1. So if I check each of 183, 206, 228, which one is touching a strand residue (DSSP E or B) at 6+ places or on another chain (Cβ under 8 Å), over 19 Å from residue 52 (Cβ atoms) and modelled with pLDDT of 95 or more?
2. Just the residues that are out of contact with any strand residue (DSSP E or B) (no Cβ under 9 Å at 6 or more places or on another chain) and farther than 22 Å from residue 62 by Cβ, please, taken from segment 120-167.
3. So for segment 234-248 (the condition being more than 24 Å from the chain's Cα centre (by Cα), surrounded by 14 or more Cβ atoms within 10 Å (Cβ to Cβ) and in a strand (DSSP E or B)), does at least one residue qualify?
4. Condition test on residue 174, is it surrounded by fewer than 16 Cβ atoms within 10 Å (Cβ to Cβ) and within 20 Å of residue 59 (Cβ to Cβ)?
5. Determine whether residue 219 is surrounded by 13 or more Cβ atoms within 10 Å (Cβ to Cβ), modelled with pLDDT of 95 or more, in contact with a helix residue (DSSP H, G or I) (Cβ under 8 Å, 6 or more places away or on another chain) and in a strand (DSSP E or B).
6. Restricted to segment 149-185, and to residues that are assigned to a strand (DSSP E or B) and free of Cβ contacts under 8 Å to residues at least 24 places away in the same chain, which residue is nearest to residue 209 (Cα to Cα)?
7. Touching a strand residue (DSSP E or B) at 6+ places or on another chain (Cβ under 6 Å) and not in a strand (DSSP E or B): is that true of residue 194 in this structure?
8. Any idea which of (1) without any contact (Cβ under 8 Å) to a residue 60 or more places away in the chain; (2) assigned to a strand (DSSP E or B); (3) over 20 Å from the mean Cα position of the chain (by Cα); (4) surrounded by fewer than 16 Cβ atoms within 10 Å (Cβ to Cβ) is the one residue 57 doesn't satisfy?
């Protein structure tokens, strides 16, 4: 009986030693390496909407042209009117970004609708005539260069611009246009902005743009038989402040090693 108890105790002791050795072996095994932290990338196509405010400045001059001389105005004042106006702005944008290190390169097209309009006395006959300007649409195609700080992008942009205008001259007594023309004008633009990605595919932005369309000759055509065409040299500049929301398609998440 005594020998049997001694054998049983020896077996239990052997099992304990084997378990301790196994536990020691497990303790020295290497732990799995942690996964690398993801880093946000701005690379990818995106589409979005924007809204904000717009301001324009326009100067009307009467050039010495055959049309104006024939219209009976050889001694007309050269500066006809200076106009300023502000209004709302709404539209959308589409573009593509490519990120290399901290630098982000991109191209963006945007289109906007607005209701910019102004009416001023016409210096040719301020008591009898007015000039009227209206801008209702514009667009830009620009290259973008930015610096990314994780999910924040600071950028500048520059490129071409286009605008849809209507210019008219009317009778002060009736408020009715007597001459008018519509024009699509091209120019250049520059801008600066900041964009923040609050989710993997979504970002918000704030941006300022300056659009310059230089000076172009516009010939207002008669709307009634009693008047004749007349030439005006009209200089135009537009400033925009926009806030927007973008959705980015399929941009990669780059692992940091």
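1. On the way: 206 fails: over 19 Å from residue 52 (Cβ atoms); 228 fails: modelled with pLDDT of 95 or more.
The unique qualifying residue is 183.
2. Result: 149, single match.
3. So the first thing to find is which residues in segment 234-248 are more than 24 Å from the chain's Cα centre (by Cα), and the list is 234.
In the following step, the residues that additionally are surrounded by 14 or more Cβ atoms within 10 Å (Cβ to Cβ) were identified as 234.
If we keep only those that are in a strand (DSSP E or B) as well, we get 234.
Scanning segment 234-248 turns up at least one residue that is more than 24 Å from the chain's Cα centre (by Cα), surrounded by 14 or more Cβ atoms within 10 Å (Cβ to Cβ) and in a strand (DSSP E or B).
4. no
5. Working: surrounded by 13 or more Cβ atoms within 10 Å (Cβ to Cβ): yes; modelled with pLDDT of 95 or more: yes; in contact with a helix residue (DSSP H, G or I) (Cβ under 8 Å, 6 or more places away or on another chain): yes; in a strand (DSSP E or B): yes.
Spelling it out, residue 219 is indeed surrounded by 13 or more Cβ atoms within 10 Å (Cβ to Cβ), modelled with pLDDT of 95 or more, in contact with a helix residue (DSSP H, G or I) (Cβ under 8 Å, 6 or more places away or on another chain) and in a strand (DSSP E or B).
6. To start, the set of residues in segment 149-185 that are assigned to a strand (DSSP E or B) comprises 149, 152-171, 176-185.
Imposing the further condition that a residue be free of Cβ contacts under 8 Å to residues at least 24 places away in the same chain reduces the set to 176, 182, 184.
Details: 176: 34, 182: 24, 184: 19 Å.
For segment 149-185, the residue satisfying everything is 184.
7. Numbers: touching a strand residue (DSSP E or B) at 6+ places or on another chain (Cβ under 6 Å): yes; not in a strand (DSSP E or B): no.
Taking the combined requirement at face value, the residue does not satisfy it.
8. (1)
The values are calculated or read from the model by the stated rules, or taken from the named source; none is laboratory data. As the structure is a prediction and not an experimental result, all values here were calculated from the model. Neighbour counts are summed over all protein chains in view; Cβ atoms, including those assigned to glycine, are modelled from backbone coordinates with ideal geometry.
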